[in-house]
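Bear in mind that the values in this text are calculations on the coordinates, not laboratory data. None of the values given here were measured: they were computed from a predicted structure. Every residue, glycine among them, receives a Cβ derived from its backbone with ideal geometry; neighbour counts consider all protein chains shown.
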Amino acid sequence: MVGARPNFMKVAPVMRALSTRPLVRQVLVHTGQHYDANMSGIFFQQLGLPEPDINLGVGSGSHAWQTAQIMIQFENVLSQRRPDLVLVYGDVNSTAAAALVCAKLLVPVGHVEAGLRSGDRTMPEEINRLVTDQLADLLFTPSADGDANLVREGVDPAKIFRVGNVMIDTLVRLLPAAQTSDVVSRLDMTRAGYGLVTMHRPANVDDPERLHDLMVALNAISRDVPLIFPVHPRTRQRLQDAGGLSAGLHLVEPLGYLDFLALEAQAAFAITDSGGVQEETTYLAVPCLTVRANTERPVTISLGTNLLVGHDMERLRAAVATILSGGWKTGQVPPLWDGCAGERIAQQVAGDA
Ligand code: UD1
Ligand code: UDP
């Protein structure tokens, strides 16, 4: 069960691993939470995912509306198909909605990327994580902090499996293909001489003052080093509403996975509020500046290349200067971020662990 862009990178390795088990029959359900070709379809092609067996076509709306639509339609699917297990991914509305439906219909549910906590309940994703993990029967965690969070919240340790990071599985598999992309020259960026920006959290882009300050800071940074900014549809709308904030910046449409990964791997640094980008930059040893006050992925700070700059734009600019002067930590890859997490999940699911 998937719905939004980051889900696709996570489901791909699990489906591949399960496809080698002849006794397992898989049905791929897409809620349609994301639906633009460059937010959904392109990932199915590039990641080698099968077409979804069922697309609920839910689309955009308020949190309650979107969650409710997914629940109503997914309930029909589950009632008809009666699967032995549903796997849900990450922390988007589709994840929590599907877990709730499963729990009410007594269908076992496994949560891939369980246990992550920012401790910040103003984030919709934190609510989705808390709900999903309370309801899940199998909890697949990417790192030790995930296990500790779950145990602290009273989850039975027998249900927790530390399997590593599925998003990194996809990166490991597709990095060689990404390295053949010509996106860096196509977008006029020079190797090792540009920064990559992504921004889509409501706390950053839905608050006009924050968005304004951020865009002013990015414009200032881009006078020292080129920035490339693939713009998420939420952010595109907010920038249109605000008008004129992006004058000096190199904005492009959301990119497909291979182009994005190519840009990320060769970037001098990333400025982001994305969960996945914090992880991928840690794996790639690319310095990452996260424009948030907290992260549900602390291992990217303790072991990796990530730094939280909060919403302090002076701090952001100072950190970029430090990176450009060569003073950044190289970090290390966290344990079990090794390309085999999907296989470990398949072993548990198929009962051959
Ligand atoms: C969602 C997730 C967020 C995740 C992000 C990944 C929730 C609560 N949020 O945020 O955790 O980090 O996806 O990208 O589930 N839109 C389009 N085309 C699309 C999809 C969306 O134009 O294909 C526009 C719509 O105007 C929509 C807005 O983007 O209202 C936001 O989409 P939505 O899925 O509600 O939340 P995201 O901000 O994408
Ligand atoms: N990504 C992409 N194209 C883009 C921006 C991001 O392919 O233009 C990929 C990125 O490599 C990572 C994932 O999308 O694998 C992260 O998704 P996103 O930032 O939308 O969501 P989050 O991880 O914050 O939930």
Total charge dipole magnitude, the chain, about the Cα centre, Cβ charges on Lys, Arg, Asp, Glu only, Debye to nearest 20 = 240 debye
note = Dipole check, segment 197-342, charges on Cβ (K,R +1; D,E -1), about Cα centroid: among 311, 341, 200 the Cα furthest to the positive pole belongs to 311
inquiry  = On alpha carbon coordinates alone, what is the Rg over Rh value for segment 137-242, Rh being the Kirkwood radius?
reply    = 1.12
remark   = Toy charge model, Lys and Arg Cβ at +1, Asp and Glu Cβ at -1: segment 1-156 dipole around Cα centroid in debye, rounded to 20, equals 360 debye
request  = Express in whole angstrom the spacing between the alpha-carbon centres of segment 41-103 and segment 170-204.
outcome  = 28 Å
remark   = For the chain, the charge dipole (Cβ of Lys, Arg +1; Cβ of Asp, Glu -1; about the Cα centre) points to a positive end, and the Cα of 49, 231, 244 closest to that extreme belongs to 49
key: Cα-based convex hull volume of segment 1-109 per residue, rounded to whole Å³   = 89 Å³
request  = Express in whole angstrom the spacing between the alpha-carbon centres of segment 264-321 and segment 113-148.
outcome  = 21 Å
query = From the residues 2, 131, 327, which one has its Cα farthest along the dipole of the chain in the positive direction, the dipole being from +1 and -1 charges on Cβ of Lys/Arg and Asp/Glu about the Cα centre?
reply = 2
message = With 10 angstrom as the radius, rank 19, 143, 274 by how many other C-beta atoms surround their C-beta, starting from the fewest.
response = 19, 274, 143
request  = For the chain, with a Gaussian network of springs between Cα atoms less than 10 Å apart, report the residue from 56, 138, 23 with the top mean-square fluctuation.
outcome  = 23
task = Mind sorting 260, 74 by how few other Cβ atoms lie within 10 Å of their own Cβ, fewest first?
result = 260, 74
inquiry  = Would any residue of segment 116-133 have its amide N under 19 Å from a label point 7 Å out along Cα→Cβ of residue 237? List them or say none.
reply    = 123-125
ask   = Contour minus end-to-end for residue 45 and residue 251, with contour as 0.36 nm per residue of separation and end-to-end as the Cα-Cα distance?
value = 71.8 nm
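Equivalent-ellipsoid semi-axes (√(5λ), Cα gyration tensor) for the chain, whole Å, largest first?
33, 21, 20
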Contact order relative to length of the chain, as percent, for alpha carbon pairs under 8 angstrom and 6 or more apart = 17 percent
query = Roughly how many whole Å is it from the C-alpha centroid of segment 1-15 to that of segment 330-353?
reply = 15 Å
ask   = Considering every Cα-Cα pair within segment 56-186, what fraction, in whole percent, is farther apart than 22 Å?
value = 44 percent
remark   = Cβ density ranking, 10 Å radius, fewest first, applied to 229, 161 yields 161, 229
